[in-house]
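Colleague: The structure that follows is given in the form of structure tokens.
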Amino acid sequence: MPFAFAAAVLAAIIGVLGAAATQPEVAFPIFIGVVVFAAVLTGVAVAASELFRQYRQVAAGTQTKLDDITAAERRLRNVVDSADVGLGLADLEGNLTQVSDRLAVIFGRGHDELLKVSITDLFAGEERAMVSKGLARLRDGQLTRWATELSAVGLYMVRLPADPQLLVQATDIAARRRAETLSDCLASVREIIVASAGVDQALPQVLRQMCEHLGWSAGQYWSVDSETRTMRVRHSWNAADALLDGFLFASRGMAVTEGNGLVGRVWQAGILAVEGDLTRATGYEPLRAAQIAELRSALAFPIVQGSEVTGVIELVSRETQTPEVEEVTVLATAGVEIGQFIRRAGIADALRRSEADHRAIFERSPVGIARISDDGELVEANASLLHLLEHDADSMKGTAWPDLMRAYDQAALRQHKAPFLAGISDGGSLQVRAATGGGTWLWLQLTATSIPDSYGAPEHVLVMVEDVTALRETSERLTEALQAQRDANANLEKFDQTKSEFLSIVSHEFRTALTGIQGFSELIRDGGLEPDEVRAYGGYIFNDADRVNRLIGDMLDLDRMESGRMTMRTADVDINDIVMEAISRAAPSATTVEFKSDLDPRLPIVAGDRDRLIQVLSNLVNNAVKYSPEGGTVTLASRVDGRFALVSISDTGIGIPQDEIGHVFERFRRVRSGAAQAIPGTGLGLTIVKQIVEMHGGKIWVESAVGHGSSFHFTIPLAPESAQALQTSNG
Ligand code: ADP
């Protein structure tokens with residue numbers, strides 16, 4: 001530039017000179033002047049050129065610096081504008097002097113508009129008061145920085161050092177707040193479904209939390225009725241508004257089919273759907289009620305179990321609500337979780353019902369039931385068992401049950417069965433005798449069943465306890481009756497047999513006697529006999545007739561005794577006297593035996609029927625003689641035995657076999673073995689003897705050994721006064 005300027009000056013001068021050169025008188029001085037001037041000019045030009053070069057260098061440096069600053073400022077502004085936080089400068093009164101674009105966006109105002117207001121003007125109500133207060137404290141220097149979180153904005157102000165200005169920083173926390181609200185909503189829903197016992201309790205609360213957190217006016221839960229394949233409202237919640245009640249009431253009356261209306265569409269598609277403007281909607285039911293309730297928007301999302309939609313939650317609002325993607329995600333998640341909860345609750349409910357059924361069976365069963373642990377301890381007894389054993393729960397657990405278990409094990413041992421715990425898996429049952437708390441003895445039937453857990457391992461054991469006392473007693477009585485019947489039959493058989501034997505014996509006896517009578521009387525009738533012979537034959541006839549007579553007498557006696565018609569004529573009787581009479585009666589015909597007597601001369605008087613007692617002694621003496629076919633000794637003894645007179649008739653005859661000893665006093669009983677069978681008899685004598693002795697209040701018994709003889713002993717009570725006298729003399 002300085003060179004251009006010099007060249008221009010030079011050119012102008014040359015131009016002037018060119019014109020002047022046409023006049024020679026001024027040509028030389030002009031020439032000199034021009035040369036000097038040119039030299040000066042050249043010097044100036046050189047100096048100016050140097051100066052100009054230096055100037056250009058400085059200017060270029062300044063321009064670069066300026067460019068750098070401009071670029072840095074542009075970068076800074078870009079940074080400030082593209083920051084997520086809004087930034088601005090304000091004076092100490094809060095009037096904004098510079099603002100970033102983001103700040104304008106956060107406060108929803110224009111950039112220039114923001115420069116006209118104070119920071120406090122951007123807030124209202126309580127928030128405004130808070131900001132004014134913060135500003136005042138910064139202004140007064142109480143604070144150098146102040147921060148707070150307001151409903152939608154996080155505000156941070158710093159007083160700049162050495163400059164009466166404030167840096168204002170604002171963060172948009174609306175999105176964060178929204179995210180927090182959504183996560184709070186989900187957390188509340190989870191809290192409810194975790195803590196609730198059932199669907200009916202949880203769903204109204206879930207609806208309420210959703211409405212309150214997400215800003216909806218009312219909510220209702222539609223569930224599928226699998227029979228009619230429709231959806232009906234099962235629960236609803238609203239913010240207590242009569243108009244909304246009308247809408248909810250109208251919804252309750254509806255049965256939605258798949259694909260129809262908002263709810264039906266969500267049911268069909270399985271995804272969230274929104275009705276953005278109910279004032280103009282067409283595919284919404286109940287539209288009229290919604291419009292009367294002044295509802296503007298509705299949202300519905302599916303409740304899902306696996307891949308199946310089992311219900312729909314519908315939220316309605318008086319505001320225009322357009323859910324954002326986060327809200328949609330949260331509601332979809334809630335739909336799945338609520339679906340799982342409903343499924344779990346359904347299973348739990350079914351389990352509870354089944355448990356309740358079993359409990360009712362346990363508690364109300366008429367059979368006693370005990371639940372015991374696998375080591376046999378009583379866990380629980382039902383009311384029937386406590387009632388049956390007359391115990392309360394404590395005494396049942398403490399004593400009655402262990403006693404019952406011991407009784408079981410003892411009974412099992414006796415019957416060669418497994419003890420209680422070892423035998424549970426067999427499922428067998430056993431009857432045990434046990435006492436109740438009230439002291440009554442019962443027969444109890446115990447049947448154990450092992451209840452397995454879900455893995456099949458025995459979890460606990462149920463023991464059924466039944467009172468089988470009546471059953472047992474009946475069956476015992478039946479057994480007894482049967483036995484009695486059997487015995488009676490056997491007796492009858494025996495009696496039949498004895499009767500036929502008796503008949504044959506009696507017939508034989510009669511016939512023998514009658515044959516004798518007939519034979520001898522024929523001989524007498526035919527005549528021609530010596531008088532001695534007639535006498536002898538007459539004697540035989542007499543004896544035979546006597547035999548028949550005795551037999552008939554015995555039979556009649558027995559009949560009288562057994563029918564209770566036998567009377568006794570009791571008087572004082574001297575037993576020794578009777579003994580001697582019996583010997584003297586028997587002796588004449590008993591020539592083969594020797595009689596001995598061993599009588600106690602001081603034997604007191606007894607009270608008895610003399611004739612009957614003679615009958616007793618005669619019978620016994622006759623037997624002693626009769627069953628001593630080889631002869632021998634018959635000894636009669638008497639003595640006092642306590643309050644009785646004891647009489648013994650002993651022989652040295654054939655004796656009685658051991659197995660017959662207990663039977664010889666039975667009716668028609670006769671020994672049919674050995675030597676006895678050859679000796680005639682009817683088996684009636686000892687029966688009559690026993691009856692007579694017992695009618696006197698005494699006893700009769702026999703000691704005998706085959707081949708050695710027999711001793712019959714009987715007692716007759718002493719007469720009362722004799723007994724007394726005896727007692728006095730002994731005492
Ligand atoms: P019987 O008319 O047969 O003698 P009893 O009733 O008098 O009837 O006696 C019953 C049975 O007892 C006899 O058949 C006999 O076998 C046995 N008996 C009775 N007395 C004696 C005795 N002194 N010695 C041996 N056996 C006897």
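Colleague: Which whole-number percent is the relative contact order of the chain (Cα, under 8 Å, 6+ apart)? Walk me through the intermediate numbers first.
Modeller: Working: 1063 pairs, mean separation 36.9, N = 731.
Reported as a whole number, the value is 5 percent.
Colleague: Report the full-extension gain for the segment residue 65 to residue 375: residue separation times 0.36 nm, less the Cα-Cα distance, to one decimal in nm. Let's see the in-between values first.
Modeller: Values: separation 310, 0.36 × 310 = 111.60 nm, distance 9.67 nm.
This chain segment gains 101.9 nm when fully extended.
Colleague: May I pose another question? With axes computed from alpha carbons, what is the tilt in degrees of helix 325-364 against the longest principal axis of the chain, rounded to the nearest 10 within 0 to 90?
Modeller: 10 degrees
Colleague: Compute the distance in nm between two label points, each set 7 Å from the Cα along the Cα-to-Cβ direction, one at residue 92 and one at residue 344.
Modeller: 6.1 nm
Colleague: Could you calculate the contour length gain from residue 225 to residue 703, that is, 0.36 nm times the residue separation minus the distance between their Cα atoms, to one decimal place in nm?
Modeller: Values: separation 478, 0.36 × 478 = 172.08 nm, distance 9.87 nm.
Extra length available between residue 225 and residue 703 comes to 162.2 nm.
Colleague: Per residue, how much accessible area does region 567-730 show when a 1.4 Å probe rolls over the protein heavy atoms, in square angstrom? The partial results should precede the final answer.
Modeller: Numbers: 7860 Å² over 164 residues.
Per-residue value: 48 Å².
Colleague: Turning to a different aspect of this structure: Which whole-percent values make up P(r) of the chain when all C-alpha to C-alpha distances are grouped in 20 Å steps starting at zero?
Modeller: 11, 16, 15, 13, 9, 11, 10, 8, 3, 2, 2, 1, 0
Colleague: How large is ³J(HN,Hα) for each residue in region 529-541, as worked out from phi by the Karplus curve 6.51 cos²θ - 1.76 cosθ + 1.60 (θ = phi - 60°), to whole Hz, x for Gly and Pro?
Modeller: Karplus values, whole Hz, x for Gly and Pro: 9, 6, x, 5, 5, 4, 5, 5, 5, x, x, 4, 4.
Colleague: Give me the number: length gained by fully extending residue 383 to residue 51, i.e. 0.36 nm times residue separation minus the C-alpha to C-alpha distance, one decimal in nm.
Modeller: Values: separation 332, 0.36 × 332 = 119.52 nm, distance 12.38 nm.
Taking residue 383 through residue 51 to full extension adds about 107.1 nm, to one decimal.
Colleague: Can you tell me the orientation of helix 575-586 relative to the chain, as the angle in degrees between its alpha-carbon axis and the longest Cα principal axis, to the nearest 10?
Modeller: 60 degrees
Colleague: OK, next. In the chain, what is the count of Lys pairs whose alpha carbons are under 27 Å apart, counting only pairs at least 8 residues apart or on separate chains?
Modeller: Step by step, the pairs that qualify in the chain add up to 14.
Colleague: Given the C-alpha centroids of region 509-545 and region 267-310, what is the distance between them in whole angstrom?
Modeller: 138 Å
Colleague: If R0 is 22 Å, what FRET efficiency do you get for residue 599 and residue 630 from their C-beta distance, rounded to 0.05?
Modeller: On the way: r = 26 Å, r/R0 = 1.19.
That pair, residue 599 with residue 630, gives E of 0.25.
Colleague: Could you work out the relative contact order of region 126-216, using alpha carbon pairs under 8 angstrom and six or more residues apart, expressed as a whole percent?
Modeller: On the way: 79 pairs, mean separation 15.1, N = 91.
So the answer I get is 17 percent.
Colleague: Then there's this: Tell me the relative contact order for region 567-730 as a rounded percent, counting alpha carbon contacts under 8 Å between residues six or more apart.
Modeller: On the way: 319 pairs, mean separation 40.2, N = 164.
So the answer I get is 25 percent.
Colleague: Could the peptides 672-681, 464-473, 638-647 be put in order, highest first, of the mean number of other beta-carbon atoms found within 10 Å of their residues? Write down the numbers at each step before the final one.
Modeller: Working: 672-681: 12.8, 464-473: 16.2, 638-647: 18.7.
Order by mean packing, descending: 638-647, 464-473, 672-681.
Colleague: For the Cα atoms of the chain, what angle does the longest principal axis make with the long axis of helix 720-730, in degrees from 0 to 90, nearest 10?
Modeller: Tilt of helix 720-730: around 80 degrees.
Colleague: Roughly how many debye, to the nearest 20, is the charge dipole of region 143-299 about its Cα centre, given +1 on each Lys and Arg Cβ, -1 on each Asp and Glu Cβ, and no other charges?
Modeller: On the way: 15 positive and 17 negative charges, 33 e Å.
Once rounded to the nearest 20, the dipole reads 160 debye.
Colleague: Here's something else I'd like to know. Separation between the residue 194 and residue 328 pseudo-spin-labels, each 7 Å from Cα along Cα→Cβ, expressed in nm?
Modeller: 2.9 nm
Colleague: Taking region 567-730 on its own, what percent of its Cα-Cα pair distances exceed 29 Å?
Modeller: Considering region 567-730, 17 percent of its Cα-Cα pairs are separated by more than 29 Å.
Colleague: Placing +1 on the Cβ of each Lys and Arg and -1 on the Cβ of each Asp and Glu in the chain, which of 267, 601, 713 has its Cα farthest towards the positive end of the resulting dipole?
Modeller: 267
Colleague: Here is a further query. How far apart, in nm, are two points set 7 Å out from the Cα along the Cα-to-Cβ line at residue 255 and at residue 585?
Modeller: So the two model labels end up 11.3 nm from each other.
Colleague: Only Lys, Arg, Asp and Glu count, each charged at its Cβ (+1, +1, -1, -1), so figure out the dipole size of the chain about its Cα centre, rounded to 20 debye.
Modeller: On the way: 68 positive and 95 negative charges, 353 e Å.
Roughly 1700 debye for the chain.
Colleague: Tell me the mean residue ellipticity at 222 nm calculated for the chain from its helices only (DSSP H runs of n ≥ 4, each -39500 (n - 2.57), averaged over every residue, nearest 500).
Modeller: Details: 21 runs with 375 residues, N = 731.
Computed ellipticity for the chain at 222 nm equals -17500 deg cm²/dmol.
Colleague: Can I ask one more? Please find the FRET efficiency linking residue 351 to residue 151, where r is the Cβ-Cβ separation and R0 is fixed at 51 Å, and quote it to the nearest 0.05. Display every interim value, and only then the final one.
Modeller: Details: r = 47 Å, r/R0 = 0.93.
It comes to 0.60.
Colleague: Could you calculate the FRET efficiency of residue 534 with residue 568 from 1/(1 + (r/R0)^6), where r is the beta carbon distance between them and R0 is 51 Å, rounded to 0.05? List each step's numbers first, then the result.
Modeller: On the way: r = 42 Å, r/R0 = 0.83.
Result of the calculation: an efficiency of 0.75.
The values are calculated or read from the model by the stated rules, or taken from the named source; none is laboratory data. Just so it is clear, the structure is predicted and the values come from calculations on it, not from any experiment. Neighbour counts run over all protein chains shown; Cβ positions are idealised from the backbone, glycine included. Each accessible area value is taken on the protein alone, full model and side chains, heavy atoms only, with ligands, DNA and RNA left out. Shrake-Rupley method; radii C 1.70, N 1.55, O 1.52, S 1.80 Å.
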